[in-house]
1. Return the residues of the range 28-38 that are in contact (Cβ under 8 Å) with a residue 12 or more places away in the chain and surrounded by fewer than 23 Cβ atoms within 10 Å (Cβ to Cβ); say none if nothing qualifies.
2. Among the residues of the range 240-255, write down those that are without any contact (Cβ under 8 Å) to a residue 60 or more places away in the chain and farther than 16 Å from LYS197 by Cβ.
3. Residues ALA5, ALA24: which one is in contact (Cβ under 8 Å) with a residue 40 or more places away in the chain and among the hydrophobic types (A, V, I, L, M, F, W, C)?
4. Could you list, in sequence order, all residues of the range 1-36 that are away from the ligand (no atom under 16 Å from the Cβ) and of a type in the set (Ser, Thr, Tyr)?
5. Tally time: how many residues in the range 214-242 are charged (D, E, K, R) and touching a strand residue (DSSP E or B) at 6+ places or on another chain (Cβ under 7 Å)?
6. Enumerate the helices (runs of 4 or more DSSP H) found wholly within the range 50-161, keeping only those where 2 or more residues are near the ligand (Cβ under 10 Å from one of its atoms), open to solvent by 50 Å² or more (accessible area, probe 1.4 Å) and in contact (Cβ under 8 Å) with a residue 12 or more places away in the chain.
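The values are calculated or read from the model by the stated rules, or taken from the named source; none is laboratory data. Predicted, not measured: the structure shown is a model, and the values here were computed from it. All Cβ positions, even for glycine, are placed from backbone atoms using ideal geometry, and neighbour counts span all protein chains on display. Only protein heavy atoms, including side chains, enter the accessible area calculation; ligands, DNA and RNA are left aside. Shrake-Rupley method; radii C 1.70, N 1.55, O 1.52, S 1.80 Å.
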Amino acid sequence: MNKTALITGATSGLGYEFVKMFAADGYDLVLVARNRTKMEEIKNQYPNLTVTVINKDLSQPHAAKEVYEDVKAAGITINTLVNNAGFGLMGNFEELDIRKQSEMIQLNISALTELTYYFLPELKKNTHTSRILNVASTAAFQPGPLMAVYYATKAYVLSFSEALVEELADTDVTVTTLCPGATKTSFASIANVANTKMFSRAMSSNEVAQQGYRGLLAGKRVVITGSANKLGAYAAKFLPRRFAAKIAKYVAKEA
Ligand SMILES: NC(=O)c1ccc[n+]([C@@H]2O[C@H](COP(=O)([O-])OP(=O)(O)OC[C@H]3O[C@@H](n4cnc5c(N)ncnc54)[C@H](OP(=O)(O)O)[C@@H]3O)[C@@H](O)[C@H]2O)c1
């Protein structure tokens, strides 16, 4: 029986790169996102694999549970869970729409947490090693003025995932956190950060996903993509948090 990977945010950017990598390794796929048409197009690219499309807005409460129930109703067992879907928003916290910011928390934090919760029992039961890939960001390493909620959601993802690594140390489930820096995807235009200093040198989505995929297969705890991002994350550990926050604010300004 083929292994199956469930990938959230499978329709574009990093998620779509992961789709191609898992498909190349012969995995069956469960695609989760809002754009059904795009997911059907992706499904048609892989006639030799079982590709299941789940059209779901993960920023809505209960969506993660519904995804789990759909997967179970289809009789699918998941071997790899990729919690990738997410978005950011640029602006002063008090000026950004609170509904959009709450949806961000729901998507970036709650859906990721709940999907992990619902699928963990079957991941632990699998006879082979099972894997979880949680997509955080280099935003996880310091506070992010002008993207305050986004940075905080990614700090949660990193903290939660590293804690799970320890809880699951005696099991065959690995948890890898991917921390990309600026990457060329739809993220920048959606977050309204395309013209900022932080995006003046963005990595390709293929390169970032490849580093994440390799790290996942190797069972790494944390993968920070690119040497400049590694250096930045390392520096953030030693800088006083208020300086790290000032740097994050500086790079969020227009280039
Ligand atoms: N690009 C960067 O610079 C960067 C840097 C660090 C971390 N990241 C993280 O990388 C992850 C992937 O982002 P990306 O850069 O690949 O951005 P992207 O190209 O905008 O892709 C986001 C994906 O998430 C899906 N999605 C968005 N809202 C959703 C919702 N409410 N429900 C279900 N699916 C939803 C989108 O599909 P639909 O529109 O079809 O729903 C899309 O497939 C995110 O967690 C992001 O925070 C990105």
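1. If the condition is that a residue be in contact (Cβ under 8 Å) with a residue 12 or more places away in the chain and surrounded by fewer than 23 Cβ atoms within 10 Å (Cβ to Cβ), then ASP28, ARG34, ASN35, ARG36, LYS38 are the ones that fit.
2. Across the range 240-255, the qualifying residues are PRO240, ARG242, PHE243.
3. ALA5
4. THR4, TYR27
5. Matching residues across the range 214-242 total 3.
6. Working: elements: 63-73, 98-105, 112-125.
Counting at least 2 such residues, we get no helices (runs of 4 or more DSSP H) at all.
Rundown of residues vs (1) open to solvent by 60 Å² or more (accessible area, probe 1.4 Å); (2) more than 9 Å from the ligand (Cβ to nearest atom); (3) not in a strand (DSSP E or B); (4) not polar (S, T, N, Q), yes/no style:
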position: LEU178; (1), (2), (3), (4): no, no, no, yes
position: SER189; (1), (2), (3), (4): yes, no, yes, no
position: VAL193; (1), (2), (3), (4): no, no, yes, yes
position: GLN210; (1), (2), (3), (4): yes, yes, yes, no
position: GLY215; (1), (2), (3), (4): no, yes, yes, yes
position: GLY219; (1), (2), (3), (4): no, yes, yes, yes
position: VAL223; (1), (2), (3), (4): no, yes, no, yes
position: ALA233; (1), (2), (3), (4): no, yes, yes, yes
